[in-house]
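The next block holds one structure in the form of structure tokens; read it before the comments.
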Amino acid sequence: MSFQPPKGTDDILAPESQAWRETLRLWEDVSERYGYPLIVLPIFESTELFERGVGETTEVVTKQMYTFSDRGDRSMTLRPEGTAGVVRAYLNSGQQGVWKGAYSGPFFRYERPQAGRRRQFWQVGVEYLGTASSLADIEVIELGYRFISSTGLGDVALLLNSIGDSRCRPQYVEALRNYLRGIQSELSPESVELIDRNPLRVLDSKTDGPKLMEAPRTLDHLCDPCVEHFAEVKRGLEGLRIPYKEDASLVRGLDYYTRTAFEYVATGLDTAQNAVGGGGRYDGLAEAIGGRATPGVGFALGIDRIMLALGDPQRPYLDAYLVSETGPEDALPAVSRLREDGVRVDFDTEGRSVKAQFRTAGRLEVPVVLVWRGRGQLVSAQTEDERVELPLEEVSTWLNKR
Ligand code: HAM
């Protein structure tokens, strides 16, 4: 067959997919432990939601959206990120006060594909709405940090910055604009065009960002409440022993952020896509999409990138393969019993030879082969270096003890 997956998308199959499954399961556990219920939202939304929420001058909106007209001539966009949709859902739900949600699913950006930069990618994330408390920032940052650590990914740095709010940002933006005008001749035409419209985006530019080491820093222009909020977040993280690095050059690629901005960076990955996750506070987003003022904070992590950084961990998705000497019908009740006991086990339904069944077990790289000799007989459990005979009902306990 000549069809390939579309450019920048992947077919994720076993055995690679097992690490995904375990990581996503871990995500469900950790997010649940922090009190974030699952939310399941549309994969496409009206285009205007992202234009207004994410920001019309961001690269995500100007270059990367999968936008189409539906049959009713409405402009729709495959979600490039989750936060705008979550805030929309919260506002639509009519709920008031503090509210939390955790999500997991595919997102879409028309990017130049490379390792860790895909056109369809998987994010997990949380949003904590209705609270301006620095404790919410701390909780969210901690959750992301603990989750990443629990995946086994070492060498992750947490970068932290504050980018001010509607009170102090305008003065900062003006200072930045003046600075950029002064070095205009060194900047790309794209950046020059942004100086008037949204100079913060120039800091985020792939070509010009690195030239701006001397540019004014948000941290030097924060108002007192923003300074206090940032100090509280840092103190809280220190209290929880979460190491962070203050990074005054950290600006995020989406327009909705206020105050806290952070990124988790896998130091082992190529710098172009070493951010395994990022987030921050977005106290103005709800109003930007036409809702009542609602503060919020959250993050999203890129599962594709986490997998890349973990480096192709191959984990078996089966505990055992059952080889039947008496045919598949006879083996079925035994397999069923093992599965009821919690054993991840598979067997051959085609009635193939014992030799062929052993070959399958070998191909699947199962740690244990169980040989079924018929009802009333002991099961022979075989590993590379041992062989034991057991009654069927003891197999699961034996496997658990290994
Ligand atoms: P973001 O930084 O655009 O933030 O994306 C979060 C993470 O998604 C990135 O750090 C990266 O790991 C992953 N990611 C993004 N684009 C791609 C891609 N093309 N291929 C592979 N992975 C990718 C957001 O999306 C915000 N909504 C996060 C947030 C939640 N802020 C507040 N709440």
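A few notes on this one:
- This model, with +1 at the C-beta of Lys and Arg and -1 at the C-beta of Asp and Glu, gives segment 206-282 a dipole about its Cα centre of some 180 debye.
- Highest mobility in the GNM of the chain, judged by mean-square fluctuation with C-alpha springs under 10 Å and restricted to L310, L222, L378, is found for L378.
- Cα principal axis extents for segment 89-156, largest first, Å: 42, 30, 16
- Take every pair of alpha-carbon atoms less than 8 Å apart whose residues are at least six positions apart; their mean separation over the length of segment 11-78 yields a relative contact order of 26 percent.
- Within the chain, helix-based [θ] at 222 nm, where runs of 4 or more DSSP H residues each add -39,500 (n - 2.57), nearest 500: -10500 deg cm²/dmol
- Taking θ as phi - 60° and the Karplus parameters 6.51, -1.76 and 1.60, the scalar couplings of segment 56-64 work out to 5, 9, 6, 4, 4, 7, 6, 10, 10 Hz in sequence order, x denoting glycine and proline.
- The three principal axes of the Cα atoms in the chain give end-to-end lengths of 84, 53, 43 Å, sorted in falling order.
- The chain: angle of helix 16-33 to the longest principal axis, Cα-based, in degrees nearest 10: 60
- Size of charge dipole - segment 19-136 - debye, nearest 20, with Cβ of Lys, Arg +1 and Asp, Glu -1, no other charges: 280
- Computed over segment 340-392: relative contact order in percent, which uses C-alpha pairs under 8 Å that are six or more apart: 20
- Measure of compaction for segment 1-100 (Cα Rg per 2.2 N^0.38 Å): 1.36
- Compared with the dominant principal axis of the Cα atoms in the chain, helix 83-93 is inclined by about 90°.
- Restricting the calculation to Cα atoms, segment 71-202 yields a radius of gyration followed by a Dmax of 19.1, 50 Å.
- Tilt relative to the chain, helix 328-340 - C-alpha long axis, 0 to 90 degrees, to 10: 50
- The chain - charge dipole about Cα centre, Lys and Arg +1 at Cβ, Asp and Glu -1, debye rounded to 20: 300
- Gaussian network model of the chain, springs between alpha carbon atoms under 10 Å - residue of E232, E22, E386 with greatest fluctuation: E386
- Radius of gyration and maximum dimension Dmax of segment 140-294, Cα, Å: 16.3, 47
- Coordinate range of the alpha-carbon atoms in segment 249-311 per principal axis, descending: 44, 24, 14 Å.
- GNM top mover of L203, L153, L322 - the chain, alpha-carbon springs below 10 Å: L322
- Structural size metrics of segment 253-402, computed from C-alpha coordinates, are Rg and Dmax of 25.3, 70 Å.
- Debye equation applied to the C-alpha atoms of segment 153-196, log10 I(q)/I(0) at 0.33 Å⁻¹: -1.09
- Charge-dipole axis of the chain as Lys and Arg at +1 and Asp and Glu at -1 on Cβ define it, positive-most pick from V30, Y145, G105: G105
- Surrounding net charge for L378, when Lys and Arg each add one and Asp and Glu each subtract one, Cβ distance under 10 Å: -1
- Relative contact order, percent, the chain [alpha-carbon distance under 8 Å, six or more residues apart]: 17
Rule-based calculations on the coordinates, nothing more; no lab input. Predicted, not measured: the structure shown is a model, and the values here were computed from it. Cβ coordinates were reconstructed from backbone atoms using ideal geometry, including for glycine residues, and neighbour counts include every protein chain displayed.
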